[in-house]
Amino acid sequence: MGTRKKVQAFVRVRPTDDFAHEMIKYGEDNKSIDIHLKKDTRRGVVNNQQTDWSFKLDGVLHNASQDLVYETVAKDAVSQALDGYNGTIMCYGQTGAGKTYTMTGATENYKHRGILPRALQQVFRMIEERPTHAITVRVSYLEIYNENLFDLLSTLPYVGPSVTPMTIVENPQGIFIKGLSVHLTSQEEDAFSLLFEGETNRIIASHTMNKNSSRSHCIFTIYMEAHSRTLSDEKYITSKINLVDLAGSERLSKTGSEGRVLKEATYINKSLSFLEQAIIALGDQNRDHVPFRQSKLTHALKDSLGGNCNMVLVTNIYGEAAQLDETLSSLRFASRMKLVTTEPAINEKYDAERMVKNLEKELALLKQELAIHDSLSNRTLVNYDPMDEIQIAEINSQVRRYLEGTLDEIDIINLRQIQEVFNQFRVVLSQQEQEVESALRRKYTLIDKNDFAAISAVQKVGLMDIEGNLVGEPDGQSFGLGVAPFSVKPGKKPKTKKTPKDQFSSSARKEGASSPVSGKDFDVASISKTQLIPSSKDGDLKDMLARERETSSIEPLISDSPKEELRAPRPSTPPSRTVAFEEFKNERGSEINRIFKENKSILNERKKRASETTQRINAIKQEIDETKDALNFQKSLREKQGEYENKGLMIIDEEEFLLILKLKDLKKQYRNEYQELRDLRAEIQYCQRLVDQCRHRLLMEFDIWYNESFMIPEDVQVALKLGSSIRPGMVPISRIVCLGEDDQDRFSHLQQTVLPEGLDSITFYNAKVKTDQKVTLDIHVCEGGGPEDFVIRILRTTNSIR
């Protein structure tokens, strides 16, 4: 474990023209700040009001540039992070005091960038200076808004919103946020892009004290993992840097917040109050319990507040007399934070894969040492490698000869041979048991005494007497040995009932033997993804679905990857698409066209059958109606003539009974025909989909062939084929441009030579430009509407509201 150290606390004063020189004074060492208040004369002569305060800090930053702030506050913590120490840098203070400016800075100006982008730059600069280590960097961006967790990088296209709410989870390794996306960054520009992406998603609002007030706490985390390239040690180090931008504390009497902003201020002040309670508990050595779980903020920062990390606090304050009460409150928080101690320690972990390799290497060295020892002891025949099949067979032969008595003793050389000898004893014993059992089964009929069904069958054929005694003598192992009856003829296999699976396989073999499909047709059917095979049973779609699943993983037709062939000279003027399409169907696309026609014929046949079935259903329905009318007439006639009953049962005449039976049969026939119609409709829908796929495939292949044959120049096709798996004809004609330097290349070259901040700012500005390009505005005009029907959808703005 590392040594315990105090949390570093710095104060940064916001520049102002109305600085209270009489009330705020700095120490000569620039590490203390004194506050003086005039007594309130309205309290009378006896006034015990405190008027002077003095705060000892690690540094006071007044009128300090962003460069000086980073050098003083964050540079050491970031550099130690690459050595395996965790770090946390937190900005705290009143709303509008400059926390976000200190942490993030102004993204429009490279010189005014804050701690966060400078830390990313330092990390990647130090990685370049350490070529002996393979260091991976990952980042995440968490927002805590109204005690809810949000991922500020979830708007990326490859992340997407989380279905389940994010939660804070504790494990032996520390605190992590379940559901928070972590992104691998291999370049400085990618890290800046992720930073700016998250900044555009932060929630801000405006009030009287701050035009762009952050309404949430944000934690940007940099994860690092370093493996040595030179040493074979399985140990590697991990670390993380938490860069925390807290929302500002507010006094509602000064900000004038109301509505949603008032609700947000309530949550902010509540979470900051819980944070201060946790800091007070950490600073008190007599406290056993620290209330980390009171808020999401303190719970997420549990391993940062008083954990194994280098903790740095930047307290942002106003220098104006009107804000002196909030300034005192912020300074008290900073002095309490200085009482907290942390215990930084290097985070070492072990690489399992490298550990296995080292153990294998060590095992080889030990084998070599053991071989040297055996050679010095005249034991040159000893081998410690695993035995091969020849050696195992030799040991098996020795064991068998030993059991037969032809071998007096087995030579033992090493422990591995002893284990294999015992193993071969087990193998030989098992083989002998199987041989004995098979010999008994060939000579006798073995019956289990506990199998009562077998015993009754034996009694019927006369192999067992009435008292239950077998003809032979029992062997004492729950089996009886008896003489087989003379009715059993050796060599004749009894007939067994075929299972449904056997019946299916035999019928399949018969169908396969009589199938008229040739081998060539079968190959085409297996290659094609959209060809239909007529079902052997009407209305059964299972064969079609199975064939579609089988062919879904097979490559498309041979036309997808055409072989190089001799082509006719290209005409100077391309033919019309109609003429070219007919040529394509007869030559290059003949196979697809054939499959398309076959599928279409099958579809038409299914539609014809469905039409015939519909006509039969209508005829049956008409006959059912006529039968119902006749039956109702018979019932009314019977009621007029008088009804007869026998033992409570109605007596009807033969004609009415026949009508009832006829109606029952017609309904059954109607249900069968209707079920067949439903199956046919499902087949038609499936066939229609495959026909559409064939048509789309045919047109797509024609477009590719037409572009390659007549539209795209041959030299451009050669350039597109090099190092690419995409066929040249698949590239739209409008997208094929000159291969020389374009406007974007010229702009990048000009940007590198004109930027006033030099080459170091290129990645910063490139990431900023990419982020700004993603901010789009879609204006949808309702058809036939007026100006009030304009709907503006802002996909991504800096003032997004959840």
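Pull up the range 585-609, narrow it to residues that are in a helix (DSSP H, G or I) and acidic (Asp, Glu), then point me to the one that is nearest to Leu690 (Cα to Cα).
Glu598
Determine whether Lys597 is surrounded by 16 or more Cβ atoms within 10 Å (Cβ to Cβ) and either out of contact with any Gly (no Cβ under 9 Å at 6 or more places or on another chain) or at pLDDT 90 or above (or both).
Spelling it out, it is not the case that Lys597 is surrounded by 16 or more Cβ atoms within 10 Å (Cβ to Cβ) and either out of contact with any Gly (no Cβ under 9 Å at 6 or more places or on another chain) or at pLDDT 90 or above (or both).
Being of a type in the set (Gly, Ala, Ser) and either open to solvent by 20 Å² or more (accessible area, probe 1.4 Å) or in contact with a helix residue (DSSP H, G or I) (Cβ under 7 Å, 6 or more places away or on another chain) (or both) is the filter here; which residues of the range 305-354 pass it?
Across the range 305-354, the qualifying residues are Gly306, Ala321, Ala322, Ser329, Ser335, Ala352.
Please work out which one of (1) at pLDDT 90 or above; (2) open to solvent by less than 70 Å² (accessible area, probe 1.4 Å) is the condition Gln622 fails and give its number.
Here Gln622 meets the rest and fails (2).
Among the residues of the range 208-232, write down those that are touching a Lys or Arg at 6+ places or on another chain (Cβ under 9 Å) and either within 25 Å of Val78 (Cβ to Cβ) or assigned to a strand (DSSP E or B) (or both).
Ser214, Ser216, His217, Cys218, Thr221, Ile222, Tyr223, Met224, Glu225, Ala226, His227, Ser228
Quick grid of which residues meet (1) open to solvent by 30 Å² or more (accessible area, probe 1.4 Å); (2) assigned by the TED database to the domain that holds Ala265; (3) more than 21 Å from the chain's Cα centre (by Cα); (4) polar (S, T, N, Q):
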site	(1), (2), (3), (4)
Glu170	yes, yes, yes, no
Lys178	yes, yes, no, no
Val182	yes, yes, no, no
Ser186	yes, yes, no, yes
Ala191	no, yes, yes, no
His217	no, yes, yes, no
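Is one or more of the residues making up the range 380-388 of a type in the set (S, T, N, Q) and surrounded by 13 or more Cβ atoms within 10 Å (Cβ to Cβ)?
Yes, some residue in the range 380-388 is of a type in the set (S, T, N, Q) and surrounded by 13 or more Cβ atoms within 10 Å (Cβ to Cβ).
Specify the residue that is farthest from the chain's Cα centre (by Cα); the eligible residues are those in the range 219-231 that are touching a residue at least 60 places away in the same chain (Cβ under 8 Å) and open to solvent by 60 Å² or more (accessible area, probe 1.4 Å).
Taking the candidates together, the pick is Thr230.
Quickly run through the range 262-279 and pick out the residues that are of a type in the set (A, V, I, L, M, F, W, C), more than 18 Å from Leu331 (Cα to Cα) and open to solvent by less than 20 Å² (accessible area, probe 1.4 Å).
Hits for the range 262-279 are Ala265, Ile268.
Hey, could you check the range 232-261 for residues that are within 34 Å of the chain's Cα centre (by Cα) and over 30 Å from Glu353 (Cβ atoms) and say which is surrounded by the fewest Cβ atoms within 10 Å (Cβ to Cβ)?
Of everything passing the filter in the range 232-261, Val244 is surrounded by the fewest Cβ atoms within 10 Å (Cβ to Cβ).
Would you confirm, using the coordinates I've provided, whether Leu331 is without any contact (Cβ under 8 Å) to a residue 12 or more places away in the chain and hydrophobic (A, V, I, L, M, F, W, C)?
Considered against the rule, which asks whether it is without any contact (Cβ under 8 Å) to a residue 12 or more places away in the chain and hydrophobic (A, V, I, L, M, F, W, C), Leu331 comes out as no.
Here's the yes/no breakdown for (1) out of contact with any Lys or Arg (no Cβ under 6 Å at 6 or more places or on another chain); (2) part of a helix (DSSP H, G or I); (3) of a type outside the set (Gly, Ala, Ser):
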residue: Ser335; (1), (2), (3): yes, yes, no
residue: Val356; (1), (2), (3): yes, yes, yes
residue: Pro386; (1), (2), (3): yes, no, yes
residue: Leu403; (1), (2), (3): yes, yes, yes
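Being touching a residue at least 40 places away in the same chain (Cβ under 8 Å), loosely packed, with under 13 Cβ neighbours inside 10 Å and either among the hydroxyl-bearing types (Ser, Thr, Tyr) or not assigned by the TED database to the domain that holds Phe196 (or both): is that true of Thr88 here?
Spelling it out, it is not the case that Thr88 is touching a residue at least 40 places away in the same chain (Cβ under 8 Å), loosely packed, with under 13 Cβ neighbours inside 10 Å and either among the hydroxyl-bearing types (Ser, Thr, Tyr) or not assigned by the TED database to the domain that holds Phe196 (or both).
Give all pairs with beta carbons closer than 9 Å in which a residue from the range 131-156 that is under 14 Å from Arg202 (Cβ atoms) meets a residue that is among the aromatic types (Phe, Trp, Tyr) and open to solvent by less than 50 Å² (accessible area, probe 1.4 Å); count only pairs at least 6 apart in sequence or on separate chains.
Correct list of pairs: Tyr141/Phe220; Leu142/Phe220; Asp151/Tyr141; Leu152/Tyr141; Leu152/Phe220; Leu153/Tyr141.
In the range 280-304, what count of residues is obtained for those that are assigned to a helix (DSSP H, G or I), crowded, with 22+ Cβ neighbours inside 10 Å, touching a residue at least 60 places away in the same chain (Cβ under 8 Å) and not basic (Lys, Arg)?
2
Could you pull out the residue among Asn148, Asn171, Asn109, Asn201 that is under 24 Å from Glu348 (Cβ atoms) and not charged (D, E, K, R)?
Only one candidate passes the filter, namely Asn171.
Taking Ile733, is it touching a strand residue (DSSP E or B) at 6+ places or on another chain (Cβ under 9 Å) and either at pLDDT 65 or above or more than 30 Å from Ile602 (Cβ to Cβ) (or both)?
no
The values are calculated or read from the model by the stated rules, or taken from the named source; none is laboratory data. Just so we're clear, the structure is a prediction, and the values are computed from it rather than from any experiment. For neighbour counting, all protein chains shown are included, and Cβ atoms are generated from backbone atoms with ideal geometry for every residue, glycine included. All accessible areas refer to the heavy atoms of the entire protein, side chains included, with ligands and DNA or RNA removed. Shrake-Rupley method; radii C 1.70, N 1.55, O 1.52, S 1.80 Å.
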